[in-house]
Amino acid sequence: MSIEAVHLTHCYSEGSALKTVALNDVSFRIEEGEFVGIIGHTGSGKSTLVQHLNGLLKPSSGQVLVDGEDLNGEHVDRRALRQRIGLVFQYPEYQLFEDTVAKDIAFGPKNQGLSAEEISERVHYAMDCVHMDYAKYAERSPFELSGGQMRRAAIAGVLAMRPSVLILDEPTAGLDPKGRDKILTMLEELHAAGHVTIIMVSHSMDDMARLATRLLVMSEGKIIAQGTPREIFAQAEMMTSIGLDVPDAARLCRTLREKGYDLPADLYRPEELKEHLLRIWKELPVRCK
């Protein structure tokens, strides 16, 4: 499934003195199987953008095309399309409400009118995807879980709908390092398995360096750059100019280059920086080691 934004513009409070342009002539295309990261400072339009991608918001002008079909077309079944495009809001655990984890995850499939057997299969599948053992967690109250477990249970509720595209808005916000790593590992495995196209909004450049295959950079409602993480993170001055940082490895690499170390300018992953530093170490004269 492909998703394409074509000259997408969205204004809040249109027709009033409080009119605010949240998206301004945004165009891009996401192909099936990609892991696309959307980055930008607070207020740049990221959350507004992703809410257009499954039809929660309608554009003031422009289109969102899903497999070439206008998501907001007159005769389009938006409900059916939304089931194929799962959206996980910030702090999705606030939407948990059933008395057991399994019932909460089953809520969406049940509303689709699926058989009990199919619902059970989907609950097992979704819990497996988010690393929650069915026997251990299915009958527990979601409100007895840790913050990270609640977050994963809420994501499982979206995965149980078997979306072709999964959109996540700051999925690790507010989590401790352990909970954050579990979410990232789960997304990494989900994408590697080829089950779903992923679109993720995040303020963490290290998370994007770890997961994304392509980045869209937003500022003041526009996409000002897009490319691979290597291409984007090599533009440190551009990132700084819009209030963003680069991953820790890229920042350390830049500092070492300024001190004269022979390192490529586009390093951004810890493992590749480590590899080059070991190379430099091995090339040093014995007396310097």
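See the values below:
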| item | result |
| --- | --- |
| DSSP bridge pairs, the chain: antiparallel proportion in percent, nearest 5 | 50 |
| Amide H partners (placed H, <5 Å) of Ala225, local residues excluded | Val217 |
| Interatomic Cα distance distribution for the stretch 173-289, bins of 5 angstrom, percent | 2, 10, 18, 19, 17, 15, 10, 5, 3, 1, 0, 0 |
| Selected from Glu170, Glu31, Glu271 as most flexible by GNM, with the chain as the system and alpha-carbon contacts under 10 Å | Glu271 |
| Cα convex hull volume per residue for the chain (Å³) | 156 |
| Mean separation of Cα contacts under 8 Å, 6 or more apart, over the residue count of the stretch 3-246: relative contact order % | 27 |
| Order of Ser115, Ser61 - criterion: other Cβ atoms within 10 Å of each residue's Cβ, fewest first | Ser115, Ser61 |
| Within the stretch 1-25: backbone nitrogen closer than 19 Å to the Glu231 label point (7 Å, Cα to C-beta) | 3-7 |
| 0 to 90° range, to nearest 10: angle between helix 177-192 axis and the chain longest Cα axis | 80 |
| GluC sites (Glu not before Pro) within the stretch 170-267: DSSP coil, no more than 16 neighbouring Cβ in 10 Å | Glu220 |
| Residues Cys129, Cys11, sorted so that the one with the fewest Cβ neighbours within 10 Å comes first | Cys11, Cys129 |
| Fewest-first ranking of Met186, Met238, using other Cβ atoms within 10 Å as the exposure measure | Met238, Met186 |
| Neighbour count of at most 12 Cβ within 10 Å plus DSSP loop: longest chymotrypsin sites (Phe, Trp or Tyr not before Pro)-free window in the chain | 98-260 |
| Out-of-range pairs (alpha-carbon distance over 24 Å; input Lys182/Lys282; Lys19/Lys58; Lys46/Lys103) | Lys182/Lys282; Lys46/Lys103 |
| Rounded to 10°, Cα long-axis angle of helix 116-129 versus longest principal axis of the chain | 10 |
| Degrees, to the nearest 10: 147-159 long Cα axis against longest axis of the chain | 60 |
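Where a number appears in this text, it was derived from the coordinates with a stated rule and is not lab data. Treat the numbers as computed from the prediction; the structure is a model and nothing was measured. Note: ideal-geometry Cβ built from the backbone for every residue, glycine included; neighbour counts use all protein chains shown.
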